[in-house]
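The values are calculated or read from the model by the stated rules, or taken from the named source; none is laboratory data. A quick note: this is a predicted structure, and the numbers were derived from the prediction, not measured. Every residue, glycine as well, gets a Cβ built from its backbone with ideal geometry; the counts of neighbours run over all protein chains shown.
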Amino acid sequence: MKMSGGPASFNIKIILLILGIAIAGGTLFFTHDLVQRLQERERQIAELYAKSLEYIADPNVNSFDITFIFENIVKRIDFPLILTDADDNVIFQGFDVGVRNLEIDTSLTEDELQEFLREKVEELKKQHAPIEVTFDGTTVWRKIYYGDSELVRSLILFPYLQISFAIFFVLIAYFSFSYMKKTEQSNIWVGMAKETAHQLGTPISSLMGWTEMLRLYHENPDKVIDTADEIENDLSRLNKVTQRFSKIGSKPELKEENLFELLTRIVNYFNRRLPSSAQNLKMIIDGPEDLTVKINSELFEWVIENLVKNALDAIEYKHGEIKFHYYNEGNFVHLEVSDNGKGIEYKRRKDIFRPGYSTKRRGWGLGLSLTKRIVENYHHGKIFVKESVIGRGTTFKILLKK
């Protein structure tokens, strides 16, 4: 049984890595584009402010125009801004237009305030080139230093924060997935070991019994012949077990098999081995006797045996019934295995096919998981719980391609 991820697992990791890089790159590109557009908008506002100052410098401008400019331009500036003269000395003008959106400690002295603002000018120089305000079109009269608004600064940091959180959660998901995968693989190995012991245990126990029979009846030729036939049956059973395990992990050969004959063999096998308390148990085959399906008989018998064992664990032998109903419809052969047992809770229907899951106290939770693998991976079919009612029974459905 193949347990390693192999090339397919490696390819999935590469695809996920490429996808993650693409998402991160797309996020950075989109945010960078948005930041650039916002920065351009803020620069346009700063330039408009510069034009307004040039306009205000005209001695013919009345006070109403100045008030209009303050109310509609200056007040709407939401980014740090400092107005200086041509030599970078900070200018305090009326209407609070010289310094905008800076957190200033009101307890600072005038000298300390000037020093604080000079440091801020140096910081703003590193962010953007100043916008020059000219007088008479040639002489630099003022300079406007401005920085990014709080929104722009947040947007610059946002993708890195987003990617950091994404990496954090991806790492948690990766380690959780790895842990779950290791646990599942461990359950599979333990289950396979127990399944092997179980599969081999029954015929080996029978062989030990037949050996004792040979000792007791060695002088009775008829008994010896009957015992030899039973030994041959159990040896065939052992050979079938080895064939089954040898096909797990490799591509099995599929051949046309008569479904009625296969089900009949399995029913006869269980009827011979049921305890005396199960004499009233009925196993019914309902379907056309000539219907064939492309399967691997050794593996598919294992599927049916696991479903029968699952049904036997769920029913009361005195009134128990297991029914095999199959028919041909569309592109599939439909096979339903029903019992009148305890039923399965709705919330547990998906779990029953998970490796390691078992409702039995000493179960190893591999039978139905192996059944699903054989049907879906090796026969390219489908198996699921068609119906289950607590106290009334369960129906498993298998779909096999023609």
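Table: residues versus (1) surrounded by 12 or more Cβ atoms within 10 Å (Cβ to Cβ); (2) at pLDDT below 80.
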site: Met192; (1), (2): yes, yes
site: Met208; (1), (2): no, no
site: Lys247; (1), (2): yes, yes
site: Lys251; (1), (2): no, yes
site: Asn258; (1), (2): yes, no
query: Could we say that Ile144 is closer than 24 Å to Val35 by Cβ and either assigned to a helix (DSSP H, G or I) or outside the structural domain of Leu34 (by TED's automatic domain parsing) (or both) here?
result: no
field: Among (1) part of a helix (DSSP H, G or I); (2) among the acidic types (Asp, Glu); (3) surrounded by 14 or more Cβ atoms within 10 Å (Cβ to Cβ); (4) modelled with pLDDT of 80 or more - the single one Asp234 does not satisfy
entry: (4)
task: Take Pro275 and decide whether it is surrounded by fewer than 12 Cβ atoms within 10 Å (Cβ to Cβ) and touching a helix residue (DSSP H, G or I) at 6+ places or on another chain (Cβ under 8 Å).
output: yes
- request: Determine if the stretch 152-175 includes at least one residue that is touching a helix residue (DSSP H, G or I) at 6+ places or on another chain (Cβ under 9 Å) and outside any helix (DSSP H, G or I).
  value: no
message: Given (1) assigned to a helix (DSSP H, G or I); (2) closer than 22 Å to Ser52 by Cβ; (3) at pLDDT 80 or above; (4) of a type outside the set (D, E, K, R), identify the lone condition not met by Ala129.
response: (1)
Residue that is in contact (Cβ under 8 Å) with a residue 24 or more places away in the chain, surrounded by fewer than 14 Cβ atoms within 10 Å (Cβ to Cβ) and among the aliphatic types (A, V, I, L, M), where the choices are Ile304, Ile315, Ile322, Ile284: Ile284
message: Need the failing condition index for Lys143 against (1) at pLDDT below 75; (2) closer than 26 Å to Ser52 by Cα, just the number.
response: (1)
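Condition check ((1) in the same structural domain as Lys143 (by TED's automatic domain parsing); (2) crowded, with 17+ Cβ neighbours inside 10 Å; (3) modelled with pLDDT of 80 or more) across all residues:
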residue	(1), (2), (3)
Ala57	yes, no, no
Phe70	yes, no, no
Arg76	yes, no, no
Leu81	yes, yes, yes
Asn89	yes, no, yes
Gly94	yes, no, no
Asn101	yes, no, no
Asp105	yes, no, no
Glu115	yes, no, yes
field: Residues satisfying the stated conditions in the stretch 117-149, i.e. exposed (fewer than 13 other Cβ atoms within 10 Å of the Cβ) and of a type in the set (Ser, Thr, Tyr)
entry: Thr138, Thr139
query: Of the conditions (1) more than 30 Å from Glu119 (Cα to Cα); (2) aliphatic (A, V, I, L, M); (3) at pLDDT below 80; (4) surrounded by 14 or more Cβ atoms within 10 Å (Cβ to Cβ), Val152 fails just one. Which one is it?
result: (1)
